[in-house]
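Read the structure below first, then the notes.
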Protein chains: 2
Amino acid sequence: MGDSLLLTDVRPWGADPVDVLVENGLVAAVSSTGSPDRAGTHVEGAGRVILPALSDVHLHLDSTRLGLPFRAQTGEPGRWGRIMNDREHWRSAERSVAERAVFTLAVAVANGATRIRSHAQVDADSGLTKLEGVLAARERYAEVCDVEIVAFPQVGILLEPGVVDLMDAALRAGADLVGGIDPCEIDRDPVRHLDAVFGLAERHQVGIDIHLHEAGELGLFTLELIHERIEALDMRGLVTVSHARALASGLPAVPAAIERLAANEVALTHAAGAKGWELPLLDLAAAGVRVGVGMDGQRDYWSPYGNGDMLDRAWQLAFVNGFGSDQHVEHALAVATWGGASVIDRSLAPLDALDLRPGFAVGDPAEFFLVDSVSPTAAVMDRPAERTVIHRGAVVSVDTALDGFEIPGRWGREGN
Amino acid sequence: MGDSLLLTDVRPWGADPVDVLVENGLVAAVSSTGSPDRAGTHVEGAGRVILPALSDVHLHLDSTRLGLPFRAQTGEPGRWGRIMNDREHWRSAERSVAERAVFTLAVAVANGATRIRSHAQVDADSGLTKLEGVLAARERYAEVCDVEIVAFPQVGILLEPGVVDLMDAALRAGADLVGGIDPCEIDRDPVRHLDAVFGLAERHQVGIDIHLHEAGELGLFTLELIHERIEALDMRGLVTVSHARALASGLPAVPAAIERLAANEVALTHAAGAKGWELPLLDLAAAGVRVGVGMDGQRDYWSPYGNGDMLDRAWQLAFVNGFGSDQHVEHALAVATWGGASVIDRSLAPLDALDLRPGFAVGDPAEFFLVDSVSPTAAVMDRPAERTVIHRGAVVSVDTALDGFEIPGRWGREGN
């Protein structure tokens, strides 16, 4: 990180070519092309578009089956059916949690995502096993990406004995944030669920990231309970709500709900789902709410979707929002890059206007990826596989060649 | 087509391996693997999944910019803004209509789509120029795919002089069907618009394919006007409605609208759009309505989306419907393959049940593609690039190697 890096002839967000000088992991200078030779690493941009690194801020590294043979969805329908289906099958995976998490991280980084927030399930069945796998993967790739881990009570906190103690142990073992899930629908006792979540956060002085699939008025109610606790405990800027499906309801109360999220500096992450899961991105940007996007479950017992490519997910985010203009498609890309980064790192400015294209000011973190394309919108539409990825000012992947891993499918082919 | 073709060790819809014998362009026999050597062409399936060929039944070959440098969306918002933006810019394309249509057809076929229904815009500005380009492309690839062409009055029929005469000329020049568009919203005179469309169809004894973006109650009203004419003219089984957005409204009248579509054998095509464009696929299948899907505009002045890969569009169809189970994902794939084929060829049975996986009975047309995957659902999720494509009983593409064309992006790279 002490070394300097010179990126020549790169086009930030598709603008005119410049040279970008990186020192100590930060942008040190942006100048017209034709910089004199200097010591340190040199990357020939060759006119490629350079973008802030992608961020995957809602990922389940513990359940991913990316690269493994596809398994059919055999569980009962609904959230609970999937939870139990996972519980029945996860131990029979062909590779360990750590191996699967490592593979998926490698794919994510090779595709340009260097900022990750992953959930790790903590429950009475699996204890801390899944967390330990994710911790091992984070350790394995400490040099190529930053990984935050949420201790995630997938099966609720109150339904099975010992979960609060397990969550406590998870936070002591290295998890960075306290998770929660659907306080009304899973535990069916939102007050006790949220009190447990916020209690753990207070005790460990960490942030919170709550899965909230609850729809419509129910989800809006749970959001109010979350706000009450943020305000009482002065936890503004420390809470993330994942999915926040209620905001996709179109209900008359949504604008006020967005204002309160902004006031309490609650960030949002989601998986860019369709059919009633589309967050009102433009309203959220106007209100200054930090929003990021992620892969969520990938080919696991939750979802057959996902491929480890956050540029693909940026496409999906634009698509589900019906974005067609370059300005809108670029905003989706800004969410999938800087937006997610600003969820993890609250010192980064939020995307509070539609035309913000940050990442290349002096002092910005040198987290980038380069892609050969006409424009950012074209890059989103084409999703070219070849990318150069820069993390903390160092090149960590060139053309999917991260530490011998290739793009998904290798294990699948072998395993057929 | 007279030659025989033996496909060995292939898995129809992911089932156990079989050998498929093709004669005269039709399935002649399906038997256990280990067929004796015989004369004719032999394709080693090597355990690959074999599926009915993909069908792209809603495509605009005249406007595609697939493979060309991306152009920003610069027009005014809305349908009319896009129409005028296209009118302003289409002549400045780097390649002719015919060249662009040929390239896009090649990409479609290499990806496994051998049944195509394309629109060709007919209007006062472009006359028959666009149709002629699409006709030339069809002629160029007559051996590798079947292309139906709709004479499409994109700018309305009544707003500009001479359009009915141009439509008439288009049908004499080789267009197969009469198009129409948003009779209320574009021409603002649904009766005269539809009377012109049905009049042309009667005169030329051809079918109809009407773009209907009109939403909610308005679109349902227009559907009623269409039904009145089908019933009066006895045109059951001859009409397609494209998009049919009103069916995605969730209005109480939708189930009755679906029943009437079934009764009048109206087929539907759409582009698998999100955010209010999702057709109720499962209800339509239960009612026996034929549904197909297509790429629509591709990187043109209508849409930056689209990549010429109908397996990708099958993924999109599953995704926008929130399909997660194998049964549902496979249904989306059935719609994108056999479903579309059954829109074009009314002699093929409709997908009137969710678990129908047709295409491999003796006598079925030998239109297939092979893909290396664990299952049909895995193929949809992975969209492997390498495919073997069979049209009318002959291999027409292997691993995107159709007549020297490669997957999209070549022209784009050159043009940067």
Residues residue B:256 and residue B:191, FRET efficiency given R0 of 22 Å [Cβ-Cβ distance, rounded to 0.05]: 0.50
Would you mind telling me the antiparallel percentage of the DSSP bridges in chain B, rounded to 5? 45 percent
Evaluate the relative contact order of chain B (contact order divided by residue number), counting alpha-carbon pairs under 8 angstrom at least 6 apart; express in whole percent. 22 percent
Do me a favour and compute the ellipsoid semi-axes for the protein assembly as shown from its Cα gyration tensor, root of five times each eigenvalue, largest one first, whole Å. 44, 30, 29
Roughly how far apart, in whole Å, are the Cα centres of region B:262-312 and region A:1-71? 38 Å
May I ask you to derive the FRET efficiency for residue A:142 and residue A:385 from their Cβ-Cβ distance with R0 = 25 Å, giving the value to the nearest 0.05? 0.45
With N set to the residue count of region B:203-246, report its C-alpha Rg divided by 2.2 N^0.38 Å to two decimal places. 1.16
Would you please give the FRET efficiency between residue B:233 and residue B:46, computed as 1/(1 + (r/R0)^6) with r the Cβ-Cβ distance and R0 = 56 Å, to the nearest 0.05? 0.65
One computes Rg over Rh for region A:201-340 from alpha-carbon atoms, with the Kirkwood Rh, and obtains 0.96
Place a point 7 Å from Cα of residue A:203 in the direction of its Cβ. Which residues in region A:123-152 have their backbone N less than 20 Å from it? A:123-132, A:149-152
In the protein assembly as shown, what % of DSSP beta bridges are antiparallel (nearest 5)? 40 percent
Charge dipole (debye, nearest 20) of chain A; +1 at Cβ of Lys and Arg, -1 at Cβ of Asp and Glu: 560 debye
With N residues in region A:126-253, Rg(alpha-carbon) / (2.2 N^0.38 Å) equals 1.08
Fewest Cβ neighbours within 10 Å first, please rank A:241, A:329, B:371 accordingly. B:371, A:241, A:329
Where along chain B is the Cβ that lies nearest the axis linking it to chain A, and how many Å separate them? B:274, 2
For region A:145-220, which trypsin sites (Lys or Arg not before Pro) are in a loop by DSSP, counting at most 14 other Cβ atoms within 10 Å? A:188
With unit charges on the beta carbons (Lys and Arg positive, Asp and Glu negative) and the dipole taken about the Cα centre of region B:54-344, which residue among B:129, B:89, B:327 sits farthest to the positive side? B:89
Between residue A:91 and residue B:16, what is the label-to-label distance in nm when each label sits 7 Å out along the Cα-to-Cβ direction? 3.2 nm
Whole-number Å³ per residue for the convex hull built on Cα positions in region B:54-344: 115 Å³
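Any read-out appearing in this document is the output of simple, stated calculations on the displayed coordinates, not a laboratory observation. This structure is a prediction, so every number in the text was calculated from the model and none was measured. All Cβ positions, even for glycine, are placed from backbone atoms using ideal geometry, and neighbour counts span all protein chains on display.
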